Amino acid sequence: MQGKVVINGAGMRRRRSDDRGPGVPGHQDKNQQFVAAMCARYLWRVPSQYPLLSQEAMTLLHWILGPATDAFALRMMELARALDRSFFEEEVIPCSTDPEEYPNALAEGFKKIPKSRRSSLLRFTLRLLRHAESVLKCRGKSDVEKNVDAVKKMFRLTDHEARYCLFRFITAAWTQPRQYFESHLRCNIYSGRPYVMTALDMNRSELDQVLTGTLQRIGMLESDGFDQEVTIASNYLQPLQDPASGFVSKNFFTPVKVRSIPLESHMLDRERTGHILTLLRKKPGASTHILLYGPPGKGKSELARYIAGTLNRELICKRSSDLLNPYVGMTEKNLASAFDEAETQEAVLVMDEVDSILASRDRAHHTWEVSFTNELLAQMERFRGILICTTNRLMDLDQASIRRFNFKIGFNYLKPEGNVLFYARLLGPLISEPLTDGSKMRLAQISPLAPGDFRSVRDRFALCAPDTVTHDGILRALEEEAKIKKFHSRQKEIGF
């Protein structure tokens with residue numbers, strides 16, 4: 001239902017706050033916000049050289065600004081001659097709630113503005129567009145941005161190629177940008193290239209390199225006819241919408257057998273790690289599930305990356321924030337998509353802090369908690385690849401799930417010799433003086449410590465002046481880390 005329109009003191013009608021439009025933050029999804037922000041950027045560049053006159057330009061402007069279009073109309077009425085203001089009151093204002101008629105009325109109203117005053121209106125319009133671009137920006141990347149980034153990485157596109165790819169995808173997938181940039185400015189043919197260069201802030205040489213570079217070699221761009229019309233091949237719209245769809249892997253890559261890479265030293269026992277890697281190499285198509293458990297900061301995630309790198313496979317890491325969703329059924333869908341993506345790319349799938357999804361069903365308070373666990377167990381049964389799960393809370397995992405892991409690797413705190421080793425690697429470079437025997441003995445007695453503790457202390461002292469950093473200060477910091485661990489792990493004693 002549209003919001004009510006009222007007359008303000010200046011005679012212009014403004015929408016109430018419940019009237020919603022594409023240019024209003026919070027009334028659209030993140031993709032829509034990003035596309036509207038990009039169109040605002042394109043549009044404020046074009047009018048600086050090609051002034052707004054057309055109904056198509058007004059349609060796109062209204063789509064971007066939403067209710068803020070009223071400010072544009074009000075400014076037009078202020079700049080119009082006194083005898084023409086009745087046109088705005090009779091023709092423009094009554095159309096302000098009609099998304100189809102309003103842009104056309106604005107285009108007609110623009111013609112009523114004296115040419116000497118149009119530059120003032122243009123400057124005002126550019127300020128509105130710049131403001132809209134900044135307001136429409138949202139925290140985090142939209143799916144459109146992520147997909148274009150993924151395609152850029154897949155084909156090693158240049159920044160200009162990725163920018164052009166995004167522009168063509170927007171004009172292909174959204175009606176209002178397509179009507180203005182393709183139907184009106186004809187940006188898809190040779191005569192419209194000056195508009196493309198202006199919208200994308202490129203020169204002729206840069207655009208020519210884009211049109212004859214990687215995008216053409218991989219067949220993403222199609223050119224046809226006397227006008228040299230350039231379009232995105234329809235089969236490339238799918239990877240831009242969903243890079244994990246399998247289109248790229250099926251059309252550009254051939255499966256090959258993974259070669260073994262010599263093992264390097266690792267904080268875990270070399271024989272155990274080597275044994276696991278040997279088994280994984282022997283069964284590249286089999287289902288392999290690995291559970292890494294232990295207190296935080298022990299290097300569980302680092303070992304997962306090491307395994308993927310040693311097997312020369314891509315690593316797909318999913319955290320709770322990537323999988324959990326407040327809507328019914330969406331978490332299960334996200335889980336299925338994660339496994340499908342890993343299987344399509346033959347990647348190593350890592351799930352960090354899996355206890356948030358694979359919790360014991362006996363302690364579940366809601367049916368959807370049981371559903372999460374059931375879905376993950378079902379996906380584990382079906383998955384033909386390598387799954388690595390990490391957890392700091394082994395006791396909270398569902399008992400049935402633990403049986404499904406082929407390998408269960410526990411991470412303990414460092415031994416005395418481990419303390420000395422990590423001190424030399426991470427903290428020793430901060431001080432020019434060597435560690436004395438007495439300090440080594442003191443370091444060996446600090447317990448419990450994890451690799452993450454050494455990194456935390458290193459980051460704390462890294463910004464200090466070199467002459468203020470001492471072995472004694474660093475050892476005290478490590479002792480504090482160990483003391484905190486003991487305090488949190490201490491059991492409540494019985495008695496008084």
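Every number in this text was worked out from the coordinates using simple rules, so none of it is lab data. As the structure is a computational prediction, the values presented were derived from the model and not from experiment. Positions of Cβ are generated from backbone atoms using ideal geometry, with glycine treated the same way; all protein chains shown enter the neighbour counts.
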Going by Cα centres, segment 369-428 and segment 51-85 are how many Å apart? 60 Å
In the structure shown, do any of 141/333; 141/485; 333/408 have a Cα-Cα gap over 32 Å, and if so which? 141/485
Above-threshold pairs, the threshold being 28 Å between Cα atoms, out of 318/486; 30/153; 440/483; 152/300; 146/298; 30/152: 318/486; 152/300; 146/298
Once you put a point 7 Å from the Cα of residue 222 and another 7 Å from the Cα of residue 344, both along the Cβ direction, what distance in nm separates them? 2.2 nm
Straight-line reach from residue 415: which aspartates and glutamates have Cα under 16 Å away, leaving out those fewer than 8 places along the same chain? 269, 453, 479, 481
Note to self: C-alpha centroids of segment 122-195 and segment 438-455 sit apart, in Å, by 54 Å
